[in-house]
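Only one structure is covered here, and it is reproduced in the block below.
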Amino acid sequence: MTPEDLPLHGLTVLDLSQGIAGPHCGLLLRQQGARVIKVEPPHGDWSRQMGRARAGHTAISIAYNLGKESVVLDTRTEAGRAALRQLAAQADVVVQNYRPGVVERMGVGYAELAAQRPDLVYVSISGHGATGPDAQLPALDTTMQAATGLMHLNRDATGAPRRIGLFLVDIATGLQAAQNAMAALVRAARTGQGRHVQVSMLETAAALQSYLVLDAAMFPEAEAVAFNVPTGLFRASDGHLYVSMLDDAMFRRLAEALDRADWLADPDLATSAGRIPRALELNGALATQLATQTVADWEALLRRHDVLHARAARPQDLPQSAQARHAGVFAALEVPGLGTLDWPNMPGQAGRAAPGEAPLLGQHTQAVLAEFGAA
């Protein structure tokens with residue numbers, strides 16, 4: 001597939017966002033063929049300072065900005081704001097994640113731009129929403145995990161809330177924003193009318209937990225329970241294995257694999273409703289048995305009996321997975337000063353869109369400003 005074959009080829013996205021959620025939205029639009037111009041302040045998107053840095057990059061600044069063009073503008077000056085307005089006036093999509101009111105003061109708010117471009121798709125990403133008592137509060141993935149209950153879901157063995165070990169709310173918010181932007185672009189193509197897309201991290205964190213919120217409302221007096229058992233992360237003799245139950249038929253297959261005739265003969269264990277009250281007993285029995293052999297032994301047995309399971313691997317092991325290699329999940333990414341890195345293709349796009357280069361801060365400033373008449 002050539003770049004011209006990608007669905008957003010020919011569209012220009014102005015990405016004013018920093019961090020992860022907004023840049024991830026811009027990245028997804030870029031991987032669908034759009035040209036993405038990323039405007040950064042003189043000190044750079046703060047993702048360039050998130051974590052360890054080498055050759056002018058952090059892992060986060062690479063992961064969420066591949067293929068973009070970096071333009072540095074000092075919007076504290078009138079010249080910087082004028083250049084920004086010139087770029088925004090020629091964009092098909094604008095993505096921003098400033099606190100409410102900031103872009104209006106910069107002269108690139110939705111109302112001002114849409115008055116000149118009624119087909120504009122404008123994406124605003126916020127922590128808590130555009131209005132309300134918390135609208136002006138700063139928000140990060142970690143604080144939103146705490147505020148929305150996600151840390152509670154990830155409690156440790158003592159019951160203490162614990163952060164989920166990746167920026168889940170940020171990443172999911174970027175995905176939601178990109179999906180809404182794509183829908184708005186379809187509408188603009190059909191009707192000539194753009195849209196102001198507004199997505200908050202608060203909404204996204206709530207949506208991630210939809211079935212849990214519903215379950216709590218349906219059974220308000222009950223403690224949270226597993227949806228099927230036995231299930232969980234278990235220690236084998238040389239590592240960890242996750243075993244999960246899908247339905248009653250799978251439980252029977254697990255019992256057969258483990259030679260647990262007592263489980264098969266017990267009428268209370270024939271249904272999920274009967275097993276859930278005995279979760280501690282069943283999980284304990286499974287833990288005892290799995291500890292006797294290696295992960296590879298159990299993988300072979302459970303695969304033969306079609307029981308859901310997975311070896312607990314590390315993220316850095318994934319590029320070496322036989323299935324990931326077969327499916328083309330990763331592409332080779334050349335980064336000057338860093339060599340060849342494994343880059344996960346956008347789902348559904350393996351082999352279709354080249355990942356592009358990770359821009360250095362301000363790498364494209366002069367060329368882009370000259371092209372757009374903003375120099």
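Just how many % of Cα pairs in segment 213-302 lie over 23 Å apart, if you round to the nearest whole percent? Walk me through the numbers on the way to the answer.
Values: 1079 of 4005 pairs.
In whole percent, the long-distance tail amounts to 27.
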Within the set Ser126, Ser272, Ser17, GNM on the chain using Cα springs under 10 Å gives the largest fluctuation to Ser272
Sorted on mean Cβ neighbours within 10 Å (highest first), peptides 22-29, 147-154, 363-370, 85-92 come out as 22-29, 85-92, 147-154, 363-370
Rounded to the nearest 10 Å², the 1.4 Å probe accessible area of Ile164 is 40 Å²
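If you roll a 1.4 Å probe over the chain with all protein chains in place, what percent of the accessible area is carbon or sulfur? Write down the numbers at each step before the final one.
Details: 11020 of 19570 Å².
The C+S portion of the solvent-accessible surface of the chain is 56 percent.
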Simple SL model, points at 7 angstrom along Cα→Cβ for Thr77 and Leu153; separation in nm is 4.6 nm
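What number results when the radius of gyration of segment 81-167, computed over Cα atoms, is divided by 2.2 N^0.38 Å? Kindly include the intermediate steps, with their values, before the conclusion.
Working: Rg = 17.8 Å, N = 87, 2.2 N^0.38 = 12.0 Å.
Ratio of Cα Rg to 2.2 N^0.38 Å: 1.48.
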Quick calc: nm separation of the 7 Å Cα→Cβ label points for Leu360 and Arg252 -> 6.6 nm
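Mean Kyte-Doolittle of at least 0.5 and a Cα length of 20 Å or more along the axis: which whole DSSP H helices of the chain meet both?
The answer, listed by residue number, is 168-191.
Expressed as a fraction of 2.2 N^0.38 Å, the rule-of-thumb size for a compact globular protein of N residues, what is the C-alpha radius of gyration of the chain? Each step should come with its number before you reach the end.
Details: Rg = 24.8 Å, N = 375, 2.2 N^0.38 = 20.9 Å.
Against the compact-globule rule of thumb, the ratio is 1.19.
Any idea of the accessible area per residue across segment 283-348, 1.4 Å probe, to the nearest Å²? Walk me through the numbers on the way to the answer.
On the way: 4170 Å² over 66 residues.
It amounts to 63 Å² per residue over segment 283-348.
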Expressed in angstrom and ordered largest first, the alpha-carbon extents of segment 129-259 along the principal axes are 65, 37, 36
Expected max-MSF residue from Arg260, Arg35, Arg105 in the GNM of the chain (alpha carbon, under 10 Å) is Arg260
The Cα extents of segment 253-375 along the principal axes, largest first and rounded to whole Å, are 79, 29, 23
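Restricting to the chain, what percent of DSSP beta bridges are antiparallel, rounded to 5? Before the final figure, lay out the partial values.
Working: 15 of 36 bridges.
That works out to approximately 40 percent antiparallel.
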quick note, segment 1-74, DSSP beta bridge pairs, % antiparallel (nearest 5) is 20 percent
HN-Hα couplings for segment 268-276 via Karplus (6.51, -1.76, 1.60; θ = phi - 60°), in whole Hz with x for Gly/Pro, come out as 5, 8, 6, 10, 4, 4, x, 7, 4
Site Arg187, offset 7 angstrom along Cα→Cβ, radius 14 Å on amide nitrogen, limited to segment 117-134, gives 118-124
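The values are calculated or read from the model by the stated rules, or taken from the named source; none is laboratory data. These numbers come from a predicted model, not from an experiment. Glycine gets a Cβ as well: all are built from the backbone with ideal geometry, and neighbour counts include every protein chain shown. SASA here: full protein model, heavy atoms, side chains in, ligands and nucleic acids out. Shrake-Rupley method; radii C 1.70, N 1.55, O 1.52, S 1.80 Å.
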